[in-house]
Amino acid sequence: MSSFLPSFLPSFLPSFLPELTRTARVALVAAVLASVTVLQAQAAGLSGQGTWETTLHGRDLDGDASTFEAYYDTALDITWLADANYAETSKYVAANGWGEMTWDEASTWVAQLNIKGITGWRLPTLLDTGAPGCNFAYGGTDCGYNVSTSTSELAHMYYVTLGNKSDHDSAGNYQPGYGLKNGGPFNNFQPSTYWFGVEYTPATSGAWEFYASNGRQLFNYKGVEYAAWAVRDGDVAAVPEPQGYALALVSLAVAGAAIRRRR
């Protein structure tokens, strides 16, 4: 078991493990490992890296102000679901560690998504710039590494908002420290591949994708299974919840009754 322990445990546990029974030792190690796993899963975003601390604003959708279910992105004027793997968390897809779906499945899932009465969610989008299709390069285009962040919502999130790096620099050289190092305030942001809600124009059997593991933007066959992240245009804070509509109707009824009485 020791070969699977975090690096700090070998120097910490032996001082008192001999005093415990074998059952107690196993239980203790399991508890410590569980705590480490929880801490890793809930790790906070990297302060000072990217713009996320000023451009992402938490939105409470369930009435529990201690947690946020979405984040409004002031730079892009869209709202990101706080759980970047909600398809699996909500048990829409089988638990496989990634919550992956084909492009058609992901499109269906996001179109029918209802979060505490808020609908209108979609997959992230991009613009196919230059010649139709993939204009592969190591910087500034719609395909490859270090792509244009002004035309891709996922690329903007990865490179600008969270300040992550591609595994290649703009000259095509290997770049250390790349990858999804900063996940910001989001839950379950996977170092996986995410679908865009945009078909690949030269061959509509394909669609665009973004590799959160190395910052590459590309395309693939729609039948491949990837993760899906729900976003919504605008700020969900401006969308009245169902009870808000009810209160508005009551207010209108009261106002109408008052006007009738005056007449």
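Quick note: the coordinates plus some simple rules give every number you see, no bench work behind them. Just so it is clear, the model here is predicted, and its values are computed rather than measured. Reconstructed Cβ throughout: ideal geometry from the backbone, glycine too, with neighbour counts over all protein chains shown.
Before moving on, here are some points about what is shown:
- S90 paired with D77, simple spin-label distance in nm, labels 7 Å along Cα-to-beta-carbon: 2.6
- Counting every other Cβ atom within 10 Å of each residue's Cβ, D233, D77, D142, D167 order from fewest to most as D77, D233, D167, D142.
- Among D128, D104, sorting on how many other beta-carbon atoms sit within 10 Å of each Cβ, with the fewest leading, yields D104, D128.
- A straight Cα-to-Cα reach below 22 Å connects K222 with the lysines K91, residues fewer than 8 places away in its own chain not being considered.
- The residues F210, F68, when put in order of fewest to most other Cβ atoms within 10 Å, stand as F68, F210.
- Listed by chain and number, the lysines whose alpha-carbon sits under 25 Å from that of K165, ignoring those within fewer than 8 places in the same chain, are K181.
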